[in-house]
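The values are calculated or read from the model by the stated rules, or taken from the named source; none is laboratory data. These figures come from a predicted structure and were not determined experimentally. A quick note on method: Cβ atoms are made from the backbone with ideal geometry, for glycine too, and the neighbour counts reach across all protein chains shown.
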């Protein structure tokens, strides 16, 4: 800035005491002349003002852009942590209950011995997605049947029944693995909800849940 | 626009107005005196037909919005009340829903016309890309409109399509949640889709304006692909092509009327009359017919991310056609090899459409994979190679010569 100021003063100094108004006027014409005559070596005060104005404009646009974008994110009502208590006393072995949690279907199933055995017989290394995807466990927990089923109650199985491909609800106890089969694009899951074939990339997700008693589960 | 404006208003009010805003002269040079090649065939009707359809969709859509309620609990009932209670509501809704189908039918003919006659070639590349932008906006608009009745197909179509974004690494889930306004497709999603469905047609109208502007700079192509060389090669747009367009549009409207009055639900899915149920996906979900080829490409690929990339690439690759086609001859009339590949491409597109409507099992998946590979090969291998290897037939020296030669052959 100092350098610029010096320059302006130097340009105005060719006449004797021109007075402040005349000086400003001359500087203006000089500046115009300098940009027109390819004198690009020295940035002018006008350049500085252009950049400063532009920068303020960009900051202002960014400040107003965020509320405009963020209003589309889930609102306070949607974010309010929803918990659902599920009475599981009526669910016999081989039966499922589907409850709606956060707008999504969550299956609570008491698996048969055969289903448990077939899930346990799988070698983790054959799985496409070898991570448990269980919100109750660390992110890197391996996708063993024990990590997928309820802790200490391997018959009980709680899962968000949404295909990890494009969000359809797979059909239960269907497909070659007798687990879940997605009718939309043909993804096949085993009896522990792990992806085995088809376009889905991940095992179906397991939500946070706990047994509040032997007859009741709290999801969320 | 390039047409020489011969507009000389005689009416003093028109003179006064023209001196202040020369819009009458602009309209005159664009749509009356506009010099148009004398040999355009009926495939050139579809620009006018599409303009008509856009206006028809906007008019019926604005009326439907007066009766529709964008709320997850009320949407389906409001659509049913449009069908049963609102005066002529059934007509307006059937015009709008079948109008969308015919809009896409016309746009596919229009795009294929461009591919056959090389309409995308220099100097019309920007015109071509603007057209593709219109097509993309149309897909978005149609998709969001299909969600509004909030039936089973609406809900699950919205779920599947918004889930495409979860394929994006790292930020995919956040983007999808942002699109939904929740943790699944729900009332906030319906609300914003309604807002955007109302907005996008006006954006389409804006890009259509640019599309027509970009068309009027070089002027229309024509079936010979030979440039206009003298005023002998052209006729004024009015009355020659206004009449031809009105005739073509009338024939098109017969098809439209048949759909609306005789088989109004033929192109729809019966499942969409079942109210949306977030806990149950219909056994067989399919998009509307006009998106089936792209849906088949998505399902052909057994990997989520690559499938989604292929889906978007299938549309994006069309934008590069002006540079992928290496031939210096525009019209397929004079390109014996390309002409055959063009029709194979059309057959592949129809085949993909059929496969998209079938369940994703066994032979259908294998066939869809083969056709998907061919679809991309057409653009990335066939277009560049045929242009280099093919020996085109001799071109007529002018449009007039081609027309006169054809008339002589007929006589």
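Residues being more than 9 Å from chain A (Cβ to nearest Cβ) and either within 22 Å of the chain's Cα centre (by Cα) or at negative phi (or both): count how many of those fall in the range B:160-203.
Just the residues of the range B:160-203 that are more than 9 Å from chain A (Cβ to nearest Cβ), to begin with: B:165, B:168-173, B:175, B:187, B:189-191, B:193-203.
Adding the requirement that they be either within 22 Å of the chain's Cα centre (by Cα) or at negative phi (or both) leaves B:165, B:168-169, B:171-173, B:175, B:187, B:189-191, B:193-203.
Of the residues in that region, 22 qualify.
Restricting to the range A:160-188, count the residues that are part of a strand (DSSP E or B) and within 14 Å of chain B (Cβ to nearest Cβ). Let's see the steps before the verdict.
Let us first name the residues in the range A:160-188 that are part of a strand (DSSP E or B), namely A:160, A:171-174, A:179-181, A:188.
When the remaining residues are screened for being within 14 Å of chain B (Cβ to nearest Cβ), the result is A:160, A:171-172, A:174, A:180-181, A:188.
Total meeting the criteria: 7.
A quick yes/no check of all residues on (1) farther than 18 Å from residue B:199 by Cα; (2) buried (at least 20 other Cβ atoms within 10 Å of the Cβ):
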residue: B:61; (1), (2): no, yes
residue: B:81; (1), (2): yes, no
residue: B:102; (1), (2): yes, yes
residue: B:110; (1), (2): yes, yes
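Count, please, the residues in the range B:354-378 that happen to be surrounded by 19 or more Cβ atoms within 10 Å (Cβ to Cβ) and either touching a residue at least 12 places away in the same chain (Cβ under 8 Å) or not in a helix (DSSP H, G or I) (or both). Quick ask: steps written out before the conclusion?
Going through the range B:354-378, the residues surrounded by 19 or more Cβ atoms within 10 Å (Cβ to Cβ) turn out to be B:355-356, B:360, B:364-365, B:368, B:371-372, B:375, B:378.
Then keep just the ones that are either touching a residue at least 12 places away in the same chain (Cβ under 8 Å) or not in a helix (DSSP H, G or I) (or both); that gives B:355-356, B:360, B:365, B:368, B:371-372, B:375, B:378.
Total meeting the criteria: 9.
Of all residues in the range B:63-88, which are in a loop (DSSP other than H, G, I, E, B) and either over 27 Å from the mean Cα position of the chain (by Cα) or not assigned by TED's automatic domain parsing to the domain that holds residue B:186 (or both)? Steps first, answer last, please.
At the first step, the residues of the range B:63-88 found to be in a loop (DSSP other than H, G, I, E, B) are B:66-74, B:85-88.
Listed by number, the residues that qualify are B:67, B:69, B:71, B:72, B:73, B:74, B:85, B:86, B:87, B:88.
Among B:324, B:305, which is the only one that is surrounded by fewer than 20 Cβ atoms within 10 Å (Cβ to Cβ) and within 14 Å of chain A (Cβ to nearest Cβ)? Talk me through it step by step, then tell me what you get.
Numbers: B:324 fails: within 14 Å of chain A (Cβ to nearest Cβ).
Being surrounded by fewer than 20 Cβ atoms within 10 Å (Cβ to Cβ) and within 14 Å of chain A (Cβ to nearest Cβ) holds for just one of B:324, B:305, which is B:305.
Which residue is modelled with the lowest pLDDT, if the candidates are limited to the range B:1-21 and must be loosely packed, with under 14 Cβ neighbours inside 10 Å and in a loop (DSSP other than H, G, I, E, B)?
Let us first name the residues in the range B:1-21 that are loosely packed, with under 14 Cβ neighbours inside 10 Å, namely B:2, B:4, B:6, B:8, B:10-13, B:15-16, B:19-21.
Those still in the list that are in a loop (DSSP other than H, G, I, E, B) too: B:2, B:4, B:6, B:8, B:10-11, B:21.
Values: B:2: 43, B:4: 51, B:6: 71, B:8: 85, B:10: 89, B:11: 91, B:21: 94.
In this case the residue turns out to be B:2.
Does residue A:195 qualify as being closer than 29 Å to residue B:297 by Cα and either under 23 Å from the mean Cα position of the chain (by Cα) or without any contact (Cβ under 8 Å) to a residue 12 or more places away in the chain (or both)?
Values: closer than 29 Å to residue B:297 by Cα: yes; either under 23 Å from the mean Cα position of the chain (by Cα) or without any contact (Cβ under 8 Å) to a residue 12 or more places away in the chain (or both): yes.
For residue A:195, the condition - closer than 29 Å to residue B:297 by Cα and either under 23 Å from the mean Cα position of the chain (by Cα) or without any contact (Cβ under 8 Å) to a residue 12 or more places away in the chain (or both) - is met.
Evaluate the range B:262-273: report whether one residue or more is assigned to a helix (DSSP H, G or I), within 14 Å of another protein chain (Cβ to nearest Cβ) and surrounded by 14 or more Cβ atoms within 10 Å (Cβ to Cβ).
From the range B:262-273, those assigned to a helix (DSSP H, G or I) are B:262, B:270-273; that's our starting set.
From what's left, within 14 Å of another protein chain (Cβ to nearest Cβ): B:271.
Among the residues that remain, those that are also surrounded by 14 or more Cβ atoms within 10 Å (Cβ to Cβ) are: B:271.
Yes, because at least one residue in the range B:262-273 is assigned to a helix (DSSP H, G or I), within 14 Å of another protein chain (Cβ to nearest Cβ) and surrounded by 14 or more Cβ atoms within 10 Å (Cβ to Cβ).
Please determine, by comparing only the residues of the range A:189-211 that are part of a loop (DSSP other than H, G, I, E, B) and over 20 Å from residue A:126 (Cα atoms), which one is nearest to the other protein chains (Cβ to nearest Cβ).
Filtering the range A:189-211 down to residues part of a loop (DSSP other than H, G, I, E, B) leaves A:190-194, A:198-205, A:207-208.
Narrowing the set further to residues that are over 20 Å from residue A:126 (Cα atoms) leaves A:207-208.
On the way: A:207: 11, A:208: 13 Å.
Here the answer is A:207.
So if I check each of B:118, B:131, B:157, which one is within 22 Å of the chain's Cα centre (by Cα) and on the phi > 0 side of the Ramachandran plot? Reasoning before the result, please.
Details: B:131 fails: on the phi > 0 side of the Ramachandran plot; B:157 fails: on the phi > 0 side of the Ramachandran plot.
On inspection, the qualifying residue turns out to be B:118.
Of all helices (runs of 4 or more DSSP H) completely enclosed by the range B:125-191, which ones contain at least 1 residues that are in contact (Cβ under 8 Å) with a residue 40 or more places away in the chain, in contact with a helix residue (DSSP H, G or I) (Cβ under 9 Å, 6 or more places away or on another chain) and in the same structural domain as residue B:279 (by TED's automatic domain parsing)? Talk me through it step by step, then tell me what you get.
Details: elements: B:125-147, B:152-163, B:172-180.
Filter on the range B:125-191 gives B:125-147, B:152-163.
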